[in-house]
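First up is the structure itself, then whatever we jot down about it.
The values are calculated or read from the model by the stated rules, or taken from the named source; none is laboratory data. None of these values were measured; they are calculated from a predicted model. Every residue, glycine as well, gets a Cβ built from its backbone with ideal geometry; the counts of neighbours run over all protein chains shown.
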Amino acid sequence: MLAILSRWCNELKPIYGSSGELPFKVDRAAAPLLGVVSYGIHRTAFTCSDDGHIKLWVKKRSQSTAFYPGHLDNTVASSTIPDGQLPLEVAILVAGEEATLPEDLVRSRTKLSTCLSSNCRVGLNLSHAITRWSHVKPGYAMVALNFIIQHGLLDGQNEPDFVESTTRLHRTLELPVKRLNPSLD
């Protein structure tokens, strides 16, 4: 279990207290061991043809990355939202770094679509098919599954575990959480 610490990232994740305060930060590699809520962003780039076919832009992670080397991942993903930054600003920065997408394009086309519980277990049969299909980063399997549901490709008519799975994707975490945009208070 502590082998994960050998992949130290030198990237600090903020850890929030019960009142939204920031008591400390930990290295990204250590955060999963603490069982705390952490925040990240995923941007799914896609095209839709005139006949309704959706194509996703899926990237393959570098073989030299510390976590999930060679696995398939979302177009743009960041496992950390630094304290004081808004998710949109992180999405714009990471989209430029990882996918060379220009800021004006990302800013004009990005919308918050949902929040997922990143430590949930997904029960949909499709998630198992995706995982067997290739090496898919677990967090991306959840995001891809949610995308498929949001676009009406999977529902209660064609998936017997639909209600359970959507509930697991969007469950309440019984841990302190941070308001990501305090200006909305």
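Miscellaneous remarks
- Pairs where the first residue, in region 99-113, is on the phi < 0 side of the Ramachandran plot and surrounded by 10 or more Cβ atoms within 10 Å (Cβ to Cβ) and the second is basic (Lys, Arg) and not in a helix (DSSP H, G or I), C-beta under 8 Å, 6+ apart: 99/59; 106/43; 110/43
- Residue satisfying condition, being under 30 Å from residue 108 (Cα atoms) and at pLDDT 80 or above, within set 27, 73: 73
- Counted residues, region 1-12 - those being surrounded by 13 or more Cβ atoms within 10 Å (Cβ to Cβ) and either at pLDDT 75 or above or hydroxyl-bearing (Ser, Thr, Tyr) (or both): 2
- Selection from region 46-76 of residues that are touching a helix residue (DSSP H, G or I) at 6+ places or on another chain (Cβ under 7 Å) and aliphatic (A, V, I, L, M): 66, 72, 76
- Subset of region 47-67 (residues that are aromatic (Phe, Trp, Tyr) and modelled with pLDDT under 85): 67
- Count - residues of region 74-98 that are of a type in the set (Gly, Ala, Ser), over 21 Å from residue 22 (Cβ atoms) and surrounded by fewer than 17 Cβ atoms within 10 Å (Cβ to Cβ): 1
- Segments classed as helices (runs of 4 or more DSSP H), wholly inside region 97-183, with at least 3 members that are modelled with pLDDT of 80 or more and either among the small types (Gly, Ala, Ser) or within 20 Å of residue 56 (Cα to Cα) (or both): 103-109, 138-150
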